[in-house]
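The values are calculated or read from the model by the stated rules, or taken from the named source; none is laboratory data. Predicted model only: the values in this text are computed from it and were never measured. Quick reminder, even Gly has a Cβ in these numbers, built from the backbone with ideal geometry, and neighbours come from all protein chains shown. For the accessible areas, the whole protein counts, side chains as well, though only heavy atoms, and no ligand, DNA or RNA atoms are used. Shrake-Rupley method; radii C 1.70, N 1.55, O 1.52, S 1.80 Å.
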Amino acid sequence: MMLEKGLNHLLRQIDEKVGILQESLGKGDAKDFSDYQRMCGEIQGLLTARLNILDLRKNLEHSDDE
């Protein structure tokens, strides 16, 4: 299904970006506390989007079963 491929692509992009941000935080790349907060907020937003995409995918699968 085309939609499934699109959702999986989005999930991979989100996972990649979260990994990059986490690695940067782990290496101490945040210039200051404000930068650290921004990076943490970006991770939180991406993970929220990821959960919403997973919920959407699950709802779509259940709607196909009906």
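Remarks
- Using a probe radius of 1.4 angstrom, the carbon and sulfur fraction of the accessible surface of the chain is 55%.
- Averaged over its residues, the chain has an accessible area of 76 Å² per residue, based on protein heavy atoms and a 1.4 Å probe.
- Computed about the Cα centre, the dipole magnitude for the chain is approximately 260 debye when only Lys and Arg (+1) and Asp and Glu (-1) carry charge, each at its Cβ.
- For the chain, the alpha-carbon coordinates run over 52, 15, 13 Å along the three principal axes, in decreasing order.
- Among residues other than Glu16 with Cβ under 15 Å from its Cβ, the summed charge is 0 (Lys and Arg +1, Asp and Glu -1).
- Taking the longest Cα principal axis of the chain as reference, the axis of helix 2-27 is set at about 20 degrees.
- Given charges at Cβ of Lys, Arg, Asp, Glu: the chain dipole, positive-most of Asn52, Gly41, Met2: Gly41
- For peptides 53-63, 13-23, sequence by mean Cβ density within 10 Å, most packed first: 13-23, 53-63
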